[in-house]
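Bear in mind these aren't lab numbers, they're just calculated from the coordinates by the rules spelled out. Owing to the predicted nature of the structure, the values given are computational and were not obtained by experimental measurement. We place every Cβ from the backbone using ideal geometry, glycine too, and count neighbours over all the protein chains shown.
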Amino acid sequence: MKAPSKSDLFRELPSVDELVRAPGVGKLVEAHGATAVTDAARAVLAQLRQQISSGLVDASGLHLALHGIETAMERQLRTSLSSSLRTVINATGVILHTNLGRAPIAEAALRHITETAGKYSNLEFEIGSGERGKRDVHVDRLFRKLLSQEGVEILTIVVNNNAAAVLLALNTLAEGGEVVVSRGELVEIGGSFRIPDVMAKSGAKLCEIGTTNRTRIGDYEKAMNERTRLLLRVHRSNFEITGFTEQPSTSQLVALAKKRGIPLMEDLGSGALVELSHFGIGQESTVLDSLRAGVDVVTYSGDKLLGGPQAGLISGRPELVARMRANSLFRALRVDKLTYAAMEATLLAYVKRDYDAIPTLKMMSLPANEIGGRAEALVDAVSAGSGDLQIEVIDGESVVGGGAAPSSLLPSRLIAITSAKLSADELSARLRSSEPPIVARVEQGRVLLDLRTVFPEQDRQIATALERM
C-alpha cells in the first residue's frame, strides 16, 4: 500500500475553527478565553505543518499527534500565558550579574513597594499642607543624612539609570560648550554605552586630552579655554590600565576646577555608599570620598554597589543639581513610585547601618568558610543520589561584577561537578532547564557552583536538581 504523501497528511489536519469547537477544548476556552485558545490552536497546527514539511512526521506519527492535540494546546497556552521574566538561581559567584538583574532587592524594599504601590500614596502630595509636593523628598532627605558634611549641603536627584544621569548632567552643565576628559576614560560598558556617544547626545562637545595610559594635570589645563564648561572624570568600570600609567589625583582636578571656575563632575558608575575595604575590596572610591574631596557633581548607579533598584543618581552642589532638576529632560528621565519606594527602604538600611539587610553587601561580606560549610552540606545531601556525577568542594573566587572593582576577587569555596555521561556544557544546560533555572559557571571541563550568590533557602533546590541529573 502506498504511503500517504505530504499533501495527504496536510489534508488530515483540522481547521483552526474545527479545533476550537472540539468538545474537549471547551474547558480551555472557559479558562483562558476564545482568543487565547484560537492563538494556541494556530501555533500547534503551524508546528504540525512544519513537521510534515520537514518529513519529521509520518501517518502514524500524525495520528498520535492529533490524538493528543488538546494536550498540546493546553501546553501551548501555559507557555504563552505565563511570565517570561522569572526567578533564576545565580550560582555563578558574580554578585552584580547584569544579565541576571544585578542587585537583588532587599526584603524591606519589596515590602515597601507592596505597601505604597499597591494602594495610593503621598508620592507627590504634602500631607501636612494638603498641597502638591515633590517626589524627590522621599529619598533626598536620606541622601542628605548619608552624604552631607558639616557646613556642606548635598542635593540628590534620581533618574532611570546612570546613563541618564550622565546625559542629564552633561546637557545641563555643558550644552553648547566643551567637556575636557582623558582619553584613558572614554569607556564603553555593557549595552554599547559609550561616553563619547552620550556626550554627543547631550549637546556638549568632547575635548580629548592625554593618551590612553598617561594623562597629566597639565593636559587638562592646556585644553581649557573660553568654551570649556566642565571637567569630567570617568570611572573605568570593567577594566584597569596598569603598568606605565599616570593620571591626576582628584585633589589636583578639584584645585584646577576651582581655579578656573569650572565645575568638576565624576561619573563613578557603580557608586558605593560605604567603604568596601570592610568587605575585602580595595581601591574603590565611595560617593562620599568624591564629594569630600571637592568634586562638584557625582553620578552613579542605584542597582550596583548601592544594592537598590535600577536608578541613576546625581549628588552634588545644590545650585548645580537644582539646575538639572529644572531641565525639561529631567521629567523624561524621572523614575516612578516603585523605584522611589525601593530606594527609600534601601537608604533607610544605610542610615541604620543595617548592611546585612542589603543582599549585595551581605553577599560581599560572606567569608569563604561559611560558603564552604553550606557547600559541604549540599554535597552531602546529594551524594547518595548523585548517580553518574562526581562532586567535590574546591577553593575558588567570586567577583563583584557589574563593572565594579574589576580587579577585586573574593575568596570562596566552589562545588565542582563532572559527569561520566554528560559534557560540562550539557550538564550546565540541564541545570538551566531545572525549575527554577540554575545558572552556573563552566571552567576547565567542570561545572562550578558558587553559593556566595545563592540564597540559603535555594540550596535545597540545587540539591534536588542535581539528584535528578
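Observations on the model:
- Whether the stretch 271-396 is rounded, prolate or oblate, judged on the alpha carbon gyration tensor where a/c under 1.5 counts as rounded: prolate
- At least 27 Å along the helix axis (C-alpha) and Kyte average at least 0.0, DSSP helices within the chain: 34-53
- Computed extension gain for GLU319 through ASP425, at 0.36 nm per residue and net of the alpha carbon distance, reaches 32.7 nm.
- Residues VAL287, VAL37 arranged by fewest to most Cβ contacts within 10 Å: VAL37, VAL287
- From the alpha carbon centroid of the stretch 36-60 to that of the stretch 297-348 is 50 Å.
- For the stretch 107-357, size of Cβ-based charge dipole, Lys and Arg +1, Asp and Glu -1, in debye: 500
- FRET efficiency, LEU123 to GLU443 (Cβ-Cβ, R0 41 Å, nearest 0.05): 0.30
- Taking 18 Å as the straight-line reach from the Cα of LYS304, the aspartates and glutamates in range (excluding those fewer than 8 positions away in the same chain) are GLU107, GLU188, GLU266, ASP267, GLU275, GLU284, ASP289, GLU344, ASP354, ASP356.
- In the stretch 6-81, the convex hull through the Cα atoms has an average projected area of 4.6 nm², a quarter of its surface area.
- Order by protection proxy (mean Cβ within 10 Å, highest first), peptides 125-134, 426-435, 225-234: 225-234, 426-435, 125-134
- Order of HIS97, HIS235, HIS63 under a 10 Å beta carbon neighbour criterion, fewest first: HIS63, HIS97, HIS235
- Put a plus charge on the Cβ of each Lys and Arg, a minus charge on the Cβ of each Asp and Glu, and nothing anywhere else: the dipole of the stretch 109-188 about its Cα centre is then about 380 debye.
- DSSP-defined antiparallel bridges as percent of all bridges, the chain, nearest 5: 60
- Average Cα contact separation per residue, the stretch 229-359, under 8 Å, 6 or more apart, as relative contact order %: 19
- Tail beyond 14 Å, pair distance distribution of the stretch 129-191 (Cα, percent): 74
- For the peptides 153-166, 18-31, the ranking by mean Cβ contacts within 10 Å, running from highest to lowest, is 153-166, 18-31.
- With 20 Å bins from 0: P(r) over the chain, alpha-carbon pairs, percent: 20, 40, 30, 9, 0
- Relative to the Cα centre, the charge distribution of the stretch 91-228, modelled as +1 at Lys and Arg Cβ and -1 at Asp and Glu Cβ, gives a dipole magnitude of about 260 debye.
- Sequentially through the stretch 11-17, phi angles give Karplus couplings (6.51, -1.76, 1.60; θ = phi - 60°) of 5, 6, 6, x, 6, 4, 4 Hz, Gly and Pro residues having no value and appearing as x.
- Debye intensity ratio in log₁₀ form over the Cα atoms of the stretch 107-357, taken at each q of 0.14 Å⁻¹: -0.94
- Extended-chain gain in nm, criterion 0.36 nm per residue less alpha-carbon gap, ARG227 and ARG111: 36.8 nm
- Over the stretch 6-81, relative contact order from alpha-carbon pairs under 8 Å, at least 6 apart, %: 39
- Global geometry of the stretch 257-314, whether rounded, prolate or oblate, following the gyration tensor of its Cα atoms and the 1.5 cut on a/c: oblate
- Relative packing of peptides 249-260, 307-318 - highest average C-beta neighbours within 10 Å first: 307-318, 249-260
- Taking each DSSP H run with n ≥ 4 as -39500 (n - 2.57) and averaging over every residue of the chain yields -12500 deg cm²/dmol at 222 nm.
- For the stretch 53-195, the Kirkwood estimate of hydrodynamic radius, built from reciprocal distances between every pair of different alpha carbons, is 22.1 Å.
- 19 Å Cα-Cα threshold exceeded, pairs from LYS201/LYS222; LYS222/LYS259; LYS145/LYS352; LYS145/LYS258; LYS222/LYS258: LYS201/LYS222; LYS145/LYS258
- Working from Cα pairs under 8 Å separated by at least six residues, relative contact order for the chain is 19 percent.
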